[in-house]
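Participant: Structure incoming, see below.
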Amino acid sequence: MVIIDGKKISQEIKDEVKAAVIKMKSERGIVPGLAVILVGENPASQAYVKSKGKACEELGIYSVTEQVPATISESDLLSMVERFNNDKKIHGILVQLPLPKHIDEQKVIETISPAKDVDGFHPISIGKLMIGIDTFYSATPYGIMELLKRYKINPSGKHVVVVGRSNIVGKPIANILVQKKEWANAIVTIAHTGTKDISYYTKQADILIAAIGKPNAITKDMVKPGAVVIDVGINRIDDATTKTGTRLVGDVDFENVKEIASAITPVPGGVGPMTIAMLMMNTLKAAGGKI
Ligand code: BQF
């Protein structure tokens, strides 16, 4: 059994982006720029935004983080997005989700210029993804695809079962994997809250992608021996043995499932770190760079 090392692969990708950023600056005088907007003081969101800023700094990407109070009006937030749309130093814009209830998330996403949509959440980006046109892939699905490629796990002709149908993970990963392309071309099933017998489907998976948001939702009896298991869950649970009193776990009962899987992503250190690396890759792409 192989433990898929997302931390290692994400570092390799960041090293590649860093080299491309240096090259871009010396050959074309362009420094990629990322604007990150954080609304309110959600501790998890603050931590994510901090690690995005830190990654930019390490890679030579210019970044601006705007933290605004949770009470900001929707129109003020939209104006801030517009300001970055018109800022020549900024190639990528992201608004950290979730947003407070009084703000229409979809409206904010749709205000980001599709050319700067490094999170890949704009309907234009999603539409392009769905019909196989080059675009910004959102960081989590993109990270999963890179993990499969770099571990030489080719989904072509394989049955991939995705559990979860969110706009951020389930729907986009299913749509990427079903494309008639190299390193895709899979037979894809999406199971979700409307599925009576989730296990019936997961047991048929050659590649199982869990994006549920519930600790230990995927147990050993739900997995076919030899399957590849990708755990997208980021759940914080109580654990009195740690300093903070909490710990991160995925959606998969890792200790037991690893006994029968051929390859599995851990949490932490699996898909999570890849999301940051792929955001950096998208920011490079937004500035006109390639790897
Ligand atoms: C790891 C996110 C839910 C809602 C909004 C490394 C991250 C997480 C885990 C990370 C996430 C989750 C991010 C690990 C960014 C992934 O070592 O396992 C990195 O920073 N993430 C986000 O920006 O917004 C979210 C999950």
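No value in this document is a laboratory result; all are computed from the given coordinates. None of these values were measured; they are calculated from a predicted model. Cβ sites come from the backbone with ideal geometry, for glycine too, and all protein chains shown count toward neighbours.
Participant: For Lys158, all conditions in the list (1) among the basic types (Lys, Arg); (2) touching a Ser or Thr at 6+ places or on another chain (Cβ under 8 Å); (3) within 17 Å of Ile4 (Cβ to Cβ) hold save one; what is the number of the exception?
Facilitator: (2)
Participant: What is the number of the single condition among (1) under 25 Å from Val271 (Cβ atoms); (2) free of Cβ contacts under 8 Å to residues at least 12 places away in the same chain; (3) part of a helix (DSSP H, G or I) that Lys149 does not meet?
Facilitator: Unmet for Lys149, out of (1) under 25 Å from Val271 (Cβ atoms); (2) free of Cβ contacts under 8 Å to residues at least 12 places away in the same chain; (3) part of a helix (DSSP H, G or I): (2).
Participant: Please go through segment 108-146 and give me each residue that is surrounded by 16 or more Cβ atoms within 10 Å (Cβ to Cβ), in a loop (DSSP other than H, G, I, E, B) and out of contact with any strand residue (DSSP E or B) (no Cβ under 8 Å at 6 or more places or on another chain), ordered by number.
Facilitator: Gly120, Phe121, His122, Thr135, Phe136, Tyr137, Ser138
Participant: Counting residues that are more than 18 Å from the chain's Cα centre (by Cα) and within 15 Å of the ligand (Cβ to nearest atom), which strands (runs of 3 or more DSSP E) fully inside segment 1-107 reach at least 1?
Facilitator: So the answer is 33-39, 62-68.
Participant: Now for a separate question. Report those strands (runs of 3 or more DSSP E) wholly inside segment 225-291 carrying at least 2 residues which are on the phi > 0 side of the Ramachandran plot. Write out each step before concluding.
Facilitator: Working: elements: 228-231, 235-238, 246-249.
Those strands (runs of 3 or more DSSP E) do not exist here; none qualify.
Participant: Which count do you get for residues in segment 185-210 that are among the small types (Gly, Ala, Ser), in a loop (DSSP other than H, G, I, E, B) and farther than 15 Å from Val228 by Cβ?
Facilitator: Counting residues in segment 185-210 that are among the small types (Gly, Ala, Ser), in a loop (DSSP other than H, G, I, E, B) and farther than 15 Å from Val228 by Cβ gives 1.
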